[in-house]
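Undergrad: What follows is a structure written as structure tokens; I'll ask about it next.
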Amino acid sequence: MPLLIICNLSLYRFAESVIPYLVDYGFDGLDLDWEFPAWGRFRSKPEQKHNFTLTLQALRETFDNYTEKRVLPKYLLTTAVASTIPLILGCYEIPEMSKYVDFINLMTYDIHGFGKTTPFTGHNSPMYSGQSLLDKTIFYYYNMVNIDFIYELWVEHGMKKSQIRVGIPTYAHTFHLLSEKSHGLYSLATGYNTTLGDEISRALICKLLNDTSFKQVWDKDCAVPYAYSGTTWISYENKQSVYMKVKWILENKYGGIMTYSLNVDDYVGQQCGEKWPMHRNIFNAAKKYSPIQ
Ligand SMILES: *[C@@H]1O[C@H](CO)[C@@H](O)[C@H](O)[C@H]1NC(C)=O
Ligand SMILES: *[C@@H]1O[C@H](CO)[C@@H](O)[C@H](O)[C@H]1NC(C)=O
Ligand SMILES: *[C@@H]1O[C@H](CO)[C@@H](O)[C@H](O)[C@H]1NC(C)=O
Ligand SMILES: *[C@@H]1O[C@H](CO)[C@@H](O)[C@H](O)[C@H]1NC(C)=O
């Protein structure tokens, strides 16, 4: 992204250039989705971590100055952030970030997906760690842990709970099982389902699940479902997993909920029987568990 190579002066110039977009389109702020500072090919440049903080600082100052001058509603500055241990510790100056952002959108999904080094099934957004030996050993260090742990980690390192918005996926990950006889959690997979794609929308999930050949399984340790049929395996959310997540978010006093994403929910309602089934579940659960009634 172009942000990575700009000097300090143009950092402020960049921040200034954002304002007309906010004004002209009536946006309420800016969300940065930088995946991820000082990571990937920039891993050898740890100063990018600080540069990210400087970017947030420039935006915050510019937004606040602008608000003061024009008496506009305060513009929001938010950023989508990582949910794995090495990324959390490697990419962010958390206490400094906390000074500048209104909130972070924590991407607690894609925690498992098919990969060459992870050729097995796994939950997209497990709420708790499983009980298997694998969960307690290699997966723990392989940075694939439960969301309960991830949020604590952000808080321990300096983000305020009220600034953290918890990400809930509305899509599913698919896997292609090595053998249809082995269809549990952490079963070997050869890839994702190439017909469906790696990630599928809520509408497609409903379509698949309505087909009775799919067996739905509730993993009570991790508090999420999965389903399989033949050599196809999917990790998704259902009403129960969403209600449990929302209850946990509110009881633990996190700042809110973020979804990824609106446009992969069944907004037409053609396959799920109602429009916006996932967002409706989240909304209803929030109403049910909100301390303010
Ligand atoms: C970090 O910011 C400095 C100063 O703006 C710049 O010179 C440097 O190239 C940036 N580093 C990276 C890795 O982008
Ligand atoms: C914000 O306003 C202060 C006071 O007018 C000024 O010193 C500062 O340079 C401004 N910062 C930005 C980013 O506009
Ligand atoms: C993907 O899943 C669908 C639904 O189970 C199935 O009909 C299709 O054959 C699968 N595709 C592959 C390449 O396995
Ligand atoms: C799938 O099942 C739901 C719930 O029973 C139903 O409302 C919906 O119409 C079904 N969708 C299709 C495409 O059959």
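Undergrad: Identify, please: which residue in the stretch 192-203 is farther than 14 Å from PRO169 by Cα and either open to solvent by less than 30 Å² (accessible area, probe 1.4 Å) or part of a helix (DSSP H, G or I) (or both) and is, among those, farthest from ligand 2 (Cβ to nearest atom)?
TA: ASN193
Undergrad: Next up: Would you mention how many residues in the stretch 76-90 are modelled with pLDDT of 95 or more, surrounded by fewer than 21 Cβ atoms within 10 Å (Cβ to Cβ) and farther than 23 Å from GLY26 by Cβ?
TA: Selection size over the stretch 76-90: 0.
Undergrad: Only one of SER182, SER213 is free of Cβ contacts under 8 Å to residues at least 24 places away in the same chain and either within 26 Å of LEU133 (Cβ to Cβ) or crowded, with 21+ Cβ neighbours inside 10 Å (or both). Can you tell me which?
TA: Numbers: SER213 fails: either within 26 Å of LEU133 (Cβ to Cβ) or crowded, with 21+ Cβ neighbours inside 10 Å (or both).
Every option except SER182 fails the conditions.
Undergrad: Moving to a separate point now. Among the residues of the stretch 98-109, are any in a helix (DSSP H, G or I), hydroxyl-bearing (Ser, Thr, Tyr) and touching a residue at least 40 places away in the same chain (Cβ under 8 Å)?
TA: Residues of the stretch 98-109 in a helix (DSSP H, G or I): 98-100.
Those still in the list that are hydroxyl-bearing (Ser, Thr, Tyr) too: 98, 100.
Filter once more, so that each one left must be touching a residue at least 40 places away in the same chain (Cβ under 8 Å): 98, 100.
Yes - at least one qualifying residue is present in the stretch 98-109.
Undergrad: May I pose another question? Working carefully through the options SER125, SER44, find the one that is small (Gly, Ala, Ser), open to solvent by 50 Å² or more (accessible area, probe 1.4 Å) and either part of a loop (DSSP other than H, G, I, E, B) or within 16 Å of ligand 1 (Cβ to nearest atom) (or both). Please lay out each step first, then the result.
TA: Values: SER125 fails: open to solvent by 50 Å² or more (accessible area, probe 1.4 Å).
On inspection, the qualifying residue turns out to be SER44.
Undergrad: Go through (1) in contact with a strand residue (DSSP E or B) (Cβ under 7 Å, 6 or more places away or on another chain); (2) on the phi < 0 side of the Ramachandran plot and name the single condition LYS247 misses.
TA: In the conditions (1) in contact with a strand residue (DSSP E or B) (Cβ under 7 Å, 6 or more places away or on another chain); (2) on the phi < 0 side of the Ramachandran plot, LYS247 misses (1) alone.
Undergrad: Is it true that ILE257 is out of contact with any Ser or Thr (no Cβ under 7 Å at 6 or more places or on another chain), in a strand (DSSP E or B) and surrounded by 19 or more Cβ atoms within 10 Å (Cβ to Cβ)?
TA: For ILE257, the condition - out of contact with any Ser or Thr (no Cβ under 7 Å at 6 or more places or on another chain), in a strand (DSSP E or B) and surrounded by 19 or more Cβ atoms within 10 Å (Cβ to Cβ) - is met.
Undergrad: Just give me the residues in the stretch 61-75 being of a type outside the set (D, E, K, R), in contact with a helix residue (DSSP H, G or I) (Cβ under 8 Å, 6 or more places away or on another chain) and surrounded by 13 or more Cβ atoms within 10 Å (Cβ to Cβ), in sequence order. Write out each step before concluding.
TA: Here is the first cut: in the stretch 61-75, the residues of a type outside the set (D, E, K, R) are 62-63, 65-67, 71-73, 75.
After this cut, where a residue has to be in contact with a helix residue (DSSP H, G or I) (Cβ under 8 Å, 6 or more places away or on another chain) as well, the list is 62-63, 66, 72-73, 75.
Result: THR62, PHE63, TYR66, LEU72, TYR75.
Undergrad: Any residue in the stretch 275-293 that is under 13 Å from ILE257 (Cα atoms) sitting within a Cβ distance under 9 Å of a residue that is among the polar types (S, T, N, Q) and at pLDDT 95 or above? List the pairs, counting only those 6 or more apart or interchain.
TA: MET278/THR170; MET278/THR259; HIS279/THR170; HIS279/THR259; ASN281/ASN238; ILE282/THR170; ILE282/THR259
Undergrad: If you don't mind, there's one more thing I want to ask. In the set ALA227, ALA223, ALA203, which member is more than 17 Å from TYR109 (Cα to Cα) and either more than 13 Å from ligand 3 (Cβ to nearest atom) or at pLDDT below 95 (or both)? Can you show your working first?
TA: Working: ALA227 fails: either more than 13 Å from ligand 3 (Cβ to nearest atom) or at pLDDT below 95 (or both); ALA223 fails: more than 17 Å from TYR109 (Cα to Cα).
Within the list ALA227, ALA223, ALA203, the selection yields ALA203.
Undergrad: Would you check which residues across the stretch 260-285 are open to solvent by 30 Å² or more (accessible area, probe 1.4 Å) and either in contact with a strand residue (DSSP E or B) (Cβ under 7 Å, 6 or more places away or on another chain) or within 16 Å of ligand 1 (Cβ to nearest atom) (or both) and list them?
TA: Filtering the stretch 260-285 down to residues open to solvent by 30 Å² or more (accessible area, probe 1.4 Å) leaves 260, 262-264, 267-268, 270-276, 279-280, 283-284.
Listed by number, the residues that qualify are TYR260, HIS279.
Undergrad: Are there any pairs with C-beta distances below 6 angstrom linking a residue in the stretch 234-249 that is without any contact (Cβ under 8 Å) to a residue 40 or more places away in the chain to a residue that is not hydroxyl-bearing (Ser, Thr, Tyr), with the two at least 6 apart or on different chains, and if so which?
TA: These pairs meet every condition: ASN238/PRO225.
Undergrad: Could you grab me the full set of residues in the stretch 228-247 that are surrounded by fewer than 20 Cβ atoms within 10 Å (Cβ to Cβ), under 23 Å from ASN284 (Cβ atoms) and within 16 Å of ligand 4 (Cβ to nearest atom)?
TA: The answer is ASN238, LYS239, GLN240.
Undergrad: Yes or no: ILE205 β-branched (Val, Ile, Thr), in contact with a helix residue (DSSP H, G or I) (Cβ under 8 Å, 6 or more places away or on another chain) and touching a residue at least 24 places away in the same chain (Cβ under 8 Å)? Don't jump to the end; show me each part of the working.
TA: Numbers: β-branched (Val, Ile, Thr): yes; in contact with a helix residue (DSSP H, G or I) (Cβ under 8 Å, 6 or more places away or on another chain): no; touching a residue at least 24 places away in the same chain (Cβ under 8 Å): yes.
No: the conditions fail for ILE205.
Undergrad: In contact with a strand residue (DSSP E or B) (Cβ under 6 Å, 6 or more places away or on another chain) and away from ligand 3 (no atom under 16 Å from the Cβ): which single residue out of TYR66, TYR75 fits that description? So that I can check it myself, show each step before the final result.
TA: On the way: TYR66 fails: in contact with a strand residue (DSSP E or B) (Cβ under 6 Å, 6 or more places away or on another chain).
Residue meeting the stated conditions: TYR75.
The values are calculated or read from the model by the stated rules, or taken from the named source; none is laboratory data. Keep in mind the model is a prediction, meaning the values are calculated, not measured. As a convention, Cβ positions derive from the backbone with ideal geometry for all residues, glycine included, and neighbour counts pool all protein chains shown. Keep in mind that these areas ignore ligands, DNA and RNA; they rest on the heavy atoms of the full protein, side chains included. Shrake-Rupley method; radii C 1.70, N 1.55, O 1.52, S 1.80 Å.
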